[in-house]
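One structure is given here, and the rest of the page talks about it.
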Amino acid sequence: MKDIFKSIEAYRLWEKEEPRSPEDKASFIADRIDVSDRDLNAFITLDREAFSRKAKAAFSPERRKSPLGGVPVAVKSNICVEGELTTCASRMLEGFRPPYNATVIEKLDHEGAFVISGANMDEFAFGSSCETSAYGPSRNPWDEDRIPGGSSGGSAVAVSSGQVVCALGSDTGGSIRQPASLCGVVGFKPTYGRVSRYGLIAFASSLDQIGPLARNVTDCATLLKAISGYDEKDSTSVNIEVPDYCASLGMDIKGMKVGMPSEYFQEGIDGDVQERLREAVKALEELGAEILEVSLPHTRYAVSCYYIIGPAEASSNLGRYDGVHYGYRDEEARDMIDMYVRSRTEGFGDEAKRRIILGTYALSSGYYEAYYLKALKVRTCIAEDFRKAFEVCDAIVTPTSPTTAFRIGEKSNDPLKMYLSDIFTIPANLAGIPAVSIPCGLGDNGMPVGMQLMAAPFAEEKLIRIAHAFERNTGFHELKPGTIED
Ligand code: GLN
């Protein structure tokens, strides 16, 4: 496939060189996705009817003036798009067409973006491999026998395979950054409260954030700017001004302080990932950043803490899918209780059930104090570690994931192993801070490695500045899967 969608800039060039009517453009994009998606399964469904319905508005000449005008943006299937299938990759929401748009979709529409709904994901965003989707796993375009990461796997695949220019995902414990890392693209989790969650189907409401994925930092910054900002429909969105993220592009990073947490560079990381990270840190140093050691001592409790708080909130949020209020209903049930049991048994997959059981247990009387309350206290300690670290540094650097993409099926029967994939990404969600993953080379198996940068709340600009300086000087974002031609 020709690499005409590798950036907004490349897309604009293609538009100019090969002019098409709005309808033709929409079917060109749909055909391109269709062909490569037979192997990749980045999209659960491709709504061709929605493509032609939206083409005229999105591809009109005056839309082109807006930075995102006409740009194809894939949207994870847990973000509500009015009238288009939004299933969370679950049988439970089979056939669900939301009657309204998420705020981020309204914002993208306002910018004239060409929204493509239905990107595949782990069911209800539970997972790190995209294998828990009820509609089959997505495959990594770098090696189709490997997972793309998750839960925003479909979004990362659509971007890295060149099906779309950029995408939206959601990140509760790493679901934007980890698949971005494993597919060799940029993925950004904003500060909790920076982007409205209205219309994002909830997993864990105190952790969830929507964010962008793209092939480069510039496009990520453009998309982030478009979706950020206060929204009265989300009481946790924060009413402070949105800076012009694109203004941080191209700035140097001389004198910026980047912390390396000793706790994140220890055992459990693959040798090649560790090596790429050391080289990346060296590159940052050569660009003028000052590297210092910082300590985040409570990080070692982050995964345990997350797997109490995340499932606790998930079990509450998923209570509404009972076949009456929302969701799939078994039609053969004998009575009301039987209907609840059958509907939830058939509607949810194994991982969703595991989370519901874990969460309900942690919240039950007698265990609430021992588990849930304790986890909340640990969460405060983790956030406090970061607060102290950011008194002495502008950003913190770590690997995004301890390994490169693993093989499909390799960890699906071992939840603990799977949960450890997010060991480096979970702390940022617990602390509510912004974090980005950017490509930093390839592992021994030829699969992408990602570097994670984290910053203090609402310091997204610093991340963009450092990430862009790194990208410009290393060029790792230019690496791409073999299936994409130049
Ligand atoms: N992999 C993590 C989990 O399964 C994170 C998922 C996410 O961020 N949505 O909970």
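Quick look at the numbers
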item: Semi-axis lengths, Å, segment 316-439, gyration tensor of Cα atoms, sqrt of 5 times eigenvalues; result: 36, 21, 13
item: Spin-label pair Ala57/Lys16, simplified geometry with 7 Å Cα→Cβ offset, distance in nm; result: 2.8 nm
item: Taking N as its residue count, the alpha carbon Rg of segment 312-376 over 2.2 N^0.38 Å; result: 1.25
item: Nitroxide proxy distance, nm - points 7 Å out along Cα→Cβ at Asn445 and Asp335; result: 5.2 nm
item: Dipole magnitude of segment 181-265, debye to nearest 20 (Cβ charges: Lys/Arg +1, Asp/Glu -1, about Cα centre); result: 180 debye
item: Efficiency of FRET from Cβ geometry, Asp350 and Lys65, R₀ 41 Å, rounded to 0.05; result: 0.25
item: Label-point separation in nm, Val242 to Glu384, each point 7 Å along Cα→Cβ; result: 3.5 nm
item: Scaled radius of gyration (Cα, divided by 2.2 N^0.38 Å) that segment 1-72 gives; result: 1.10
item: Calculated FRET value between Phe28 and Thr483, using beta carbons and R₀ = 22 Å, to 0.05; result: 0.75
item: Inter-centroid distance (Cα atoms) of segment 15-92 relative to segment 407-462, Å; result: 28 Å
item: Mean shadow area of segment 265-382 over all directions, Cα convex hull, nm²; result: 11.5 nm²
item: Over 18 Å [Cα-Cα, segment 180-314], rounded percent; result: 70 percent
item: Gain on full stretching of the segment that runs from Asp252 to Tyr367 - 0.36 nm per residue minus C-alpha separation; result: 36.3 nm
item: Kirkwood-type radius of segment 387-478, with distances r between different C-alpha atoms, in Å; result: 14.5 Å
item: Radius 13 Å from Cβ of Gly349, net charge of other residues (Lys, Arg +1; Asp, Glu -1); result: -2
item: Dipole magnitude (debye, nearest 20) for the chain, charges at Cβ of Lys, Arg, Asp, Glu; result: 580 debye
item: Dimensionless Rg over Rh [segment 75-115; C-alpha; Kirkwood]; result: 1.00
item: For segment 1-123, radius of gyration divided by Kirkwood radius, i.e. Rg to Rh on alpha-carbons; result: 0.96
item: Over the chain: helical MRE at 222 nm, DSSP H runs n ≥ 4 each giving -39500 (n - 2.57), nearest 500; result: -11500 deg cm²/dmol
item: Top positive-direction residue, dipole computed over the chain with Cβ charges, set Pro22, Leu363, Ala405; result: Leu363
item: Segment 212-235 versus segment 295-310: alpha-carbon centroid distance in Å; result: 27 Å
item: Efficiency of FRET from Cβ geometry, Asn413 and Glu293, R₀ 35 Å, rounded to 0.05; result: 0.40
item: Extension reserve of the Val35-Ser262 stretch, reckoned as 0.36 nm per residue once the Cα distance is removed; result: 77.2 nm
item: Cα-based Rg of segment 97-209 normalised by 2.2 N^0.38 Å, two decimals; result: 1.01
item: Kirkwood-Stokes translational diffusion coefficient of segment 235-281, alpha-carbon pairs, 20 °C, 1.002 mPa s, µm²/s; result: 146 µm²/s
item: The chain - Rg and Dmax from Cα coordinates, angstrom; result: 21.1, 70
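Every number here is computed from the coordinates shown, using simple stated rules; none is lab data. Quick caveat: nothing in here was measured; it's all calculated off a predicted structure. For neighbour counting, all protein chains shown are included, and Cβ atoms are generated from backbone atoms with ideal geometry for every residue, glycine included.
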